[in-house]
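Notes follow once the structure below has been shown.
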Amino acid sequence: MKVIHKDQAEKFKNSNTCTAIEYPLGDKDINGAIIELNGKYPEKGRVVNLKCKELAYVISGFGKAVVEGKEIKLQEGDLILIEPGEKYFWEGKLTMFVPCTPAWYSEQHKEIE
């Protein structure tokens, strides 16, 4: 068993519109973060996860994800799964819990046009 308390979480500003609060489990198979979005992320273009499945549960707010050109409206209580290799962006005012498997790491996460 592993437990990460709130005061052990690490806050990162991914862009002017996106902040991640990461919970460092030290587990290569899964990790989780709270994502606070206020605008579009990435600010230009799209992103792709080359290795990770990214599951996002909307804790609060509303907005959208655009995945492979398909717009999905999101609001509190919604859940979306983004598969490795799918190109996407987020837009809105959202707080989400996002676990990734295998554990997310920056080298596999790419911004693209």
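Note on Glu111 and Asn38: the model spin-label points, each 7 Å out from Cα along the C-beta direction, lie 1.9 nm apart. The order of Asp7, Asp78 by accessible area, most exposed first and with a 1.4 Å probe, is Asp7, Asp78. From most to least packed by mean Cβ count within 10 Å, the peptides 35-42, 19-26 give 35-42, 19-26. Simple point charges give the picture: +1 on the Cβ of Lys and Arg, -1 on the Cβ of Asp and Glu, and for the range 20-64 a dipole about the Cα centre of about 300 debye. Each of Lys53 and Phe97 was given a label point 7 Å from its Cα along the Cα-to-Cβ line. The distance between the two points is 1.7 nm. What shape does the range 29-81 have by the C-alpha gyration tensor, where a ≥ b ≥ c are the square roots of the eigenvalues, rounded means a/c under 1.5, and otherwise prolate means a/b greater than b/c and oblate the rest? Rounded shape, in that the Cα axes give a/c under 1.5.
Taking the accessible area of the range 71-113, probe 1.4 Å, and keeping the other protein chains in place, the carbon and sulfur fraction comes to 52%. When you restrict to C-alpha pairs under 8 Å that are six or more residues apart and normalise by the size of the chain, the relative contact order lands at 32 percent.
Taking a 1.4 Å probe, which of Ile4, Ile82 shows the most accessible area, and what order do the others take after it?
Per-residue accessible area, sorted high to low, gives Ile4, Ile82.
About the centre of its Cα atoms, the chain shows a dipole size close to 120 debye [charges on the beta carbon of Lys, Arg (+1) and Asp, Glu (-1) only; nearest 20 debye]. Here Phe97 sits with roughly 80 square angstrom of accessible surface, probe radius 1.4 Å. What is the magnitude of the charge dipole of the range 56-102 about its Cα centre, with +1 placed on the Cβ of each Lys and Arg, -1 on the Cβ of each Asp and Glu, and no other charges, expressed in debye to the nearest 20? Computed about the Cα centre, the dipole is about 120 debye. Legend: residue pairs Lys13/Lys93; Lys28/Lys53; Lys44/Lys87; Lys64/Lys87; Lys13/Lys70; Lys40/Lys87, Cα-Cα distance threshold 20 Å; pairs beyond threshold, Lys13/Lys70. Take the chain with all the other protein chains still there, run a 1.4 Å probe, and you get 61 Å² of accessible area per residue. Taking 4.7 Å between beta carbons as the limit, the unpaired Cys residues of the chain are Cys18.
The values are calculated or read from the model by the stated rules, or taken from the named source; none is laboratory data. Everything numeric in this text was worked out from a predicted model, so none of it was measured. All Cβ positions, glycine included, derive from the backbone under ideal geometry; neighbour counts span all protein chains shown. What goes into the accessible areas is simple: the full protein's heavy atoms, side chains included, and nothing from ligands, DNA or RNA. Shrake-Rupley method; radii C 1.70, N 1.55, O 1.52, S 1.80 Å.
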